[in-house]
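The values are calculated or read from the model by the stated rules, or taken from the named source; none is laboratory data. Note that the coordinates shown come from a computational prediction; the quantities given were computed from them, not determined experimentally. Neighbour counts run over all protein chains shown; Cβ positions are idealised from the backbone, glycine included.
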Amino acid sequence: MAKRTITEMNYQRAKNNLEKNADTIKRLEENGVLFINPASCYVEESVKIGKGTVIEQNVMLQGETVIGENCVIGMGSKIVDTKIGDGCDFLSVVAIDSEVGNDVLAGPFSYIRPGSKIADNVKVGDFVEVKNAVIGEGTKIAHLTYVGDSDVGRNVNFGCGTVTVNYDGKKKYRCKIGDDCFIGCNTNIVAPVEIKAGAYTAAGSTITDEVPEKNLAIARARQVNKSTWKDKRED
């Protein structure tokens, strides 16, 4: 018999719990949870949600998920086996087997993959993917960025298009980024490598060596303009 995929197992689990869904939602509403459109949501019996939290339409909550008080779980989110603190705002987010602190803003269209630990006051913005990473308090990952297999400090700013390059085709390696770093747009951080506290990377850099504290790392070719170049399409 072929091994079942995670999707197949989640489907079977959901199918087995459908009859309990309405009762679970009703119980949570009685405990102070607001569902915008209860009929569109699926919540497993094992899920715990704090009072004052708003669950918007088309949300799926599964497994040992725990959501704190005064959160908003936005339309289309899917949360599985994840602990979320108080005051979080998730908009169209998928989060699986992770831990999220208080006052975290995620989405729209963020993917928090297994093994992630996200501290308080972090932003995981639109089209950001975090996998098996530790993200320190106050860090901002605004958009279009992949942070995988990394240990990130406090108050780090990631520019748009940053990628932690964690896989060489055979093994995966970790990146380490210290407190108060500024990662320029379109930086590739090739693991295993460390960017120490307070360092900057210039936009468009590919970082392969350690960056010392409070240094600016520039790792890109110098621009050359060819005045005699001609577009062959003009011929």
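For the stretch 38-77, a residue qualifies if it is of a type in the set (D, E, K, R) and surrounded by 19 or more Cβ atoms within 10 Å (Cβ to Cβ), and the qualifying residues are GLU44, GLU56. Comparison of VAL72, VAL93 shows that the only residue that is touching a Pro at 6+ places or on another chain (Cβ under 9 Å) and within 28 Å of ASN16 (Cα to Cα) is VAL93. When every residue of the stretch 132-140 is checked against the conditions, none turns out to be part of a loop (DSSP other than H, G, I, E, B), among the charged types (D, E, K, R) and in the same structural domain as ASP168 (by TED's automatic domain parsing).
Close Cβ contacts (under 6 Å, 6 or more residues apart or on different chains) running from residues in the stretch 41-63 that are in the same structural domain as ILE73 (by TED's automatic domain parsing) and under 12 Å from LEU18 (Cα atoms) to residues that are surrounded by fewer than 16 Cβ atoms within 10 Å (Cβ to Cβ) and of a type outside the set (A, V, I, L, M) comprise GLU45/LYS20. Return the residues of the stretch 203-235 that are buried (at least 17 other Cβ atoms within 10 Å of the Cβ) and either modelled with pLDDT under 95 or among the aliphatic types (A, V, I, L, M) (or both); say none if nothing qualifies. Answer for the stretch 203-235, where residues must be buried (at least 17 other Cβ atoms within 10 Å of the Cβ) and either modelled with pLDDT under 95 or among the aliphatic types (A, V, I, L, M) (or both): ILE207, VAL211, ALA217.
Residues in the stretch 141-156 that are in contact (Cβ under 8 Å) with a residue 40 or more places away in the chain and not in a strand (DSSP E or B): ASP149, GLY153. When you scan the stretch 87-99, do you find a residue that is in contact with a Cys (Cβ under 6 Å, 6 or more places away or on another chain), crowded, with 18+ Cβ neighbours inside 10 Å and either under 28 Å from TYR11 (Cα atoms) or not hydrophobic (A, V, I, L, M, F, W, C) (or both), even just one? Yes, that holds for at least one residue. At least 2 residues being without any contact (Cβ under 8 Å) to a residue 24 or more places away in the chain is the threshold, and among the strands (runs of 3 or more DSSP E) wholly inside the stretch 157-235 those reaching it are 193-195.
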